[in-house]
2 protein chains.
Amino acid sequence: MIAVLRLGHRISRDKRVTTHVALVSRALGVDKMFVDKKDSKLEETVHAVCERFGGDFSIETGVNWRHVIRNWRGVKVHLTMYGEPFEDAVEEIREKDGDLLVVVGAEKVPSEVYQLSDYNVAVGNQPHSEIAALALFLDRYTMGKWQCKRFKGKIEVVPSKRGKKVVTRE
Amino acid sequence: MIAVLRLGHRISRDKRVTTHVALVSRALGVDKMFVDKKDSKLEETVHAVCERFGGDFSIETGVNWRHVIRNWRGVKVHLTMYGEPFEDAVEEIREKDGDLLVVVGAEKVPSEVYQLSDYNVAVGNQPHSEIAALALFLDRYTMGKWQCKRFKGKIEVVPSKRGKKVVTRE
């Protein structure tokens, strides 16, 4: 199982960014996402995508993030531009037993997170985006296998060189 | 040269998402970004990051996107969930002569973009994030070499397993 914990979500400011974190998580094979702040609108948006496009991704908002990290039975990876290079760490992480929890913060992350995590991992040491960092980390962690996942949704996109093709099922 | 064209930017709604597109572009080796809508605040934010963290990334907002695509001397790649799989297309794209333009849209993209682009490429056929799609595409296109880029900024992060280490230069 792979889960993502989103820290520091502020409903108005991070609405779209946290939605992107959720959709990238779903598309790249994550099973569950936790968000520290309660946000029913975000939950609805994510449920609507799952309803149409399939898969069994779930989201829970308003969690106690300390509890989630402390009680996690498996490896805990915090993505931060200050961490060790992800290419060095990812193989070791992949070999660990148990489930994977990936922690992604908004702008400021409590220093406690650095201590509670087993790995603090940087996807490049430049400021960029937790969305991109998460995508690149999950891509390496799954060795690109997220691309093989079948979602079996009501709507399925048919890859096409021009235009839009979709198959719709009831 | 690699450039990114951001389409459909709406100042209030996409402020943070377009900033993420810019920062990911910079971190993954893009030289220049174009944004269709004029947005001085976005330009300032990006300049401030370049000023502190280095590199020669530039941004131009308020461009005529049709002109940018039509006059581009090189290959034009539009990222869309409806396109052909990126893993299939990226090698062919890499071998093309001239500069690379990557087009990323917000929610709705004019159908003209599908026609004007040389490639319509999907980073997975699920709805997710143009930020993640751009990062994964650039990673494959550069074969991970973006990680070797040196930015020589005033602030440089020293990779670290715990906590934050930075070197500051004048």
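The values are calculated or read from the model by the stated rules, or taken from the named source; none is laboratory data. On a predicted model such as this, the values are computed, not experimentally measured, just so you know. Here Cβ is always computed from backbone atoms with ideal geometry, including for glycine, and neighbour counts include all displayed protein chains.
Just a few scattered comments:
- Boolean, B:TRP72 is at pLDDT 95 or above and farther than 27 Å from A:PRO127 by Cβ: yes
- Selection from the stretch A:1-31 of residues that are outside any loop (DSSP other than H, G, I, E, B) and among the charged types (D, E, K, R): A:ARG6, A:ARG13, A:ASP14, A:LYS15, A:ARG16, A:ARG26
- Taken over the stretch B:20-48, the residue count meeting the criterion of being touching a residue at least 12 places away in the same chain (Cβ under 8 Å) and more than 15 Å from the chain's Cα centre (by Cα) is 7.
- Exactly one residue out of A:GLU51, A:GLU91, A:GLU87, A:GLU112 is in a helix (DSSP H, G or I), charged (D, E, K, R) and within 9 Å of chain B (Cβ to nearest Cβ), and it is A:GLU87.
- For the stretch A:129-160, the set of residues classified as modelled with pLDDT of 95 or more, part of a loop (DSSP other than H, G, I, E, B) and more than 16 Å from A:VAL75 (Cβ to Cβ) consists of A:SER129, A:MET143, A:GLY144, A:PHE151, A:GLY153, A:LYS154, A:VAL158, A:PRO159, A:SER160, listed by residue number.
- Residue under evaluation B:GLY163, criteria (1) within 12 Å of chain A (Cβ to nearest Cβ); (2) free of Cβ contacts under 8 Å to residues at least 24 places away in the same chain; (3) at negative phi, criterion not met: (3)
- Any hit, the stretch B:9-16, residues being acidic (Asp, Glu) and under 22 Å from A:HIS20 (Cα atoms): yes
- Residue match in the stretch B:24-44 (condition: more than 12 Å from chain A (Cβ to nearest Cβ), touching a Leu at 6+ places or on another chain (Cβ under 6 Å), farther than 20 Å from B:LEU138 by Cα and of a type outside the set (Gly, Ala, Ser)): yes
- In the stretch A:54-70 there is at least one residue matching the filter, namely being in contact (Cβ under 8 Å) with a residue 24 or more places away in the chain, crowded, with 16+ Cβ neighbours inside 10 Å, more than 18 Å from A:LEU5 (Cα to Cα) and within 14 Å of another protein chain (Cβ to nearest Cβ).
- Subset of the stretch B:134-170 (residues that are within 17 Å of A:TYR82 (Cα to Cα) and among the aliphatic types (A, V, I, L, M)): B:ILE155, B:VAL157, B:VAL158, B:VAL166, B:VAL167
- Check on A:VAL75, buried (at least 19 other Cβ atoms within 10 Å of the Cβ) and within 16 Å of A:VAL104 (Cα to Cα): yes
- The condition (being among the aliphatic types (A, V, I, L, M), in contact (Cβ under 8 Å) with a residue 60 or more places away in the chain and surrounded by 14 or more Cβ atoms within 10 Å (Cβ to Cβ)) is satisfied by just one residue among A:VAL121, A:VAL90, A:VAL103: A:VAL103.
- Scanning the stretch B:103-151 for residues that are hydroxyl-bearing (Ser, Thr, Tyr) and closer than 30 Å to B:ARG52 by Cβ turns up B:SER129, B:TYR141, B:THR142.
- Test result for A:VAL113, in contact with a strand residue (DSSP E or B) (Cβ under 8 Å, 6 or more places away or on another chain) and more than 23 Å from B:SER25 (Cα to Cα): yes
- Within the stretch A:137-160, restricting attention to residues that are within 8 Å of chain B (Cβ to nearest Cβ) and polar (S, T, N, Q), the residue that is farthest from the chain's Cα centre (by Cα) is A:SER160.
- Top-ranked residue of the stretch A:116-128 - restricted to ones that are facing chain B (nearest Cβ under 7 Å) and outside any strand (DSSP E or B), ranked as nearest to A:THR18 (Cα to Cα): A:HIS128
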